[in-house]
Each structure stands twice: as C-alpha cells, then as structure tokens.
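In what follows, a structure is listed as structure tokens, so that the remarks can point back to it.
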Amino acid sequence: MAALRKPVIAGNWKMYKTIAEAKELAEAVVRGLDNSFGAATLILIPPFTAIQEVKRTVSGTAIAVGAQDVFWEEKGAFTGEISPLQLKEAGCDFVVIGHSERRQYFGETDETVRKKTLAALCHGLTPIVCFGETLEERESGRTLDRIKAQLELSLFTLEEADFSRVVLAYEPIWAIGTGRNATPEQAEEVQAFTRSLVASRYGKTAADYAIILYGGSVKPNNALSLAREKDVDGFLVGGASLEAESFLAIAREALRAVRD
Ligand code: PEP
C-alpha cells in the first residue's frame, strides 16, 4: 500500500441479506466507526433491493454505497436490468462491474464490461472493475497473459480521463469464496504487473494514482500481510463483509499497513 493512494475497502454482500438484515448490518458498521476510518474509503455493496435502506442508514457518515452490477442503457425495454441512472438515484456512488460470478453464471464478457464501465462513468458512478485468472490459467502459467488480455479488451479502451476514475480489482477466481487467498507475493506479482500495464498505456502518473484492490478470501487474519504489498491498495471483500466486525477489522488492517 503506498501512502499516495487512499485505501479502499469494499464489502460485496452478494445475494445475501433481506432489507431488514441489510439495515442491521449497515447499522453495526456505523456503530463500529471511529475517526481512524476517515483515512480510508469504506463502501457497502448490498443487493439492489437494500440499496436505499443502506444509503439512509449510513447517511451522515463517510461510508459510500455501491451496487453489484449495472446495465449499459439508461432506460428501455430491458426486463430485469437496472440502469446507471436508477442506481445513482437510489444513492450509489460505486458499482462493481465484471465480477467473476457475473462472468461465470451470466455470460459477461470483456466487451460487456467495457460497455457497462462507460455507462457507469457517464452517470457519475465509480466503476470497480474486476478481473482475474482461473485456476487452470494459473497452473498453466498463463496468468499474466490472461490479465493483460482482459484489461486490453475492457479498460484500456477508455480515454485517460475516464480511466482515471476507475477502481481496479484483481480477483483470482480460484480465491473467491474458497477460503484460499492468493499469497501476498502472488497478489503483488499480478498487481505490480497491472500497474506496469497502466503505465505503458496511460503513463506513470496515471499508474501511480491507480487504485488496485485485491479480492479473494480476504479475512482479518490475512489482510495485513496482503495490504503491506506496495501495489495492494485495499480490498474487495465478499464473505467477511457480511459481519460488521470482520469487515471493520479488515479495514483496520489496511489502515495499519499504511501507517507502518
Ligand atoms: C468477492 O465476492 O468479490 C469476494 C472476493 O468474495 P470472498 O471474499 O468471499 O472470496
């Protein structure tokens, strides 16, 4: 974690929590806040149905709210989809795009990621764009090629001004929800590589300021060692964000890595 970049800790609640449960969890996160968290950006990402309630619950705090997906059109006959305009109105400032579960179960591609990212940016939402390799790609030595291809087809098509508003999230698919996190060295290898690709495409300043999160079985007990890597700027947390205590403990570890 470099002091130049403010750590971001985002909790992806996936398809968990009713509205009442989401409110309870958001209240618990708010209760656990103290001044030290001002040095980080905390984002709660509930299911669509709970966005407004969570937004109301965190109002008056620095906690931001995000959504787990978005469609690229502003409105129209797209049954079941939700538009960036609607997310913004509901209180979102962030949106996750291209999560591996969306790619795996719902046919998302680098092209849909590109379109969704542009649409989000057009409506003032900050995209948190996920990318990462499968276990098979890692084991056959194709991790970096895969990362490069994903980024080139999605994010690197953006103009520099747009790219500078995107948060990147490296999420090795084999580490998501498996309890098997990437080691700090594995995360750093990919994230340093990602930053070098950003530097080649957009220049050193853009690379220095790019926020690159790690996601994949982050827990309070592995967060500090991951956060100490210089190109890990925070976390996209799934399972451990479903409890306020573990989510805040991870954020505390990320802040500790900046201070140390
Ligand atoms: C995620 O959903 O983005 C994620 C990283 O999940 P988990 O932390 O449970 O592996």
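The values are calculated or read from the model by the stated rules, or taken from the named source; none is laboratory data. These figures come from a predicted structure and were not determined experimentally. Methodologically, a virtual Cβ is constructed for each residue, glycine included, from the backbone with ideal geometry; neighbour enumeration extends over all protein chains shown.
Worth pointing out:
- Within segment 1-57, the set of residues being over 24 Å from Cys130 (Cβ atoms), in a loop (DSSP other than H, G, I, E, B) and among the aliphatic types (A, V, I, L, M) comprises Ala3, Leu33.
- Residue in segment 61-71 that is over 18 Å from the mean Cα position of the chain (by Cα), among the β-branched types (Val, Ile, Thr) and under 17 Å from Val29 (Cβ atoms) present: yes
- In this structure, Arg252 does not qualify as away from the ligand (no atom under 12 Å from the Cβ), of a type outside the set (Phe, Trp, Tyr) and either over 17 Å from Ile63 (Cα atoms) or in a strand (DSSP E or B) (or both).
- Pick from segment 198-221, criterion in a helix (DSSP H, G or I) and crowded, with 19+ Cβ neighbours inside 10 Å, ranking: farthest from the chain's Cα centre (by Cα): Tyr202
- Candidate set: segment 181-192, residues that are of a type outside the set (D, E, K, R) and touching a Lys or Arg at 6+ places or on another chain (Cβ under 8 Å); chosen: the one nearest to the ligand (Cβ to nearest atom): Asn181
- Remark: pairs (first residue in segment 213-234, at pLDDT 95 or above; second residue surrounded by fewer than 22 Cβ atoms within 10 Å (Cβ to Cβ) and in a strand (DSSP E or B); Cβ separation under 6 Å; 6+ apart in sequence or on different chains) = Asp233/Ile211.
- The residues of segment 153-180 that are away from the ligand (no atom under 16 Å from the Cβ) and in contact (Cβ under 8 Å) with a residue 40 or more places away in the chain, listed by number, are Leu153, Ser154, Leu155, Phe156, Thr157, Leu158, Glu160, Asp162, Phe163, Ser164, Arg165, Val166.
- Count - residues of segment 74-130 that are in a loop (DSSP other than H, G, I, E, B) and within 16 Å of the ligand (Cβ to nearest atom): 3
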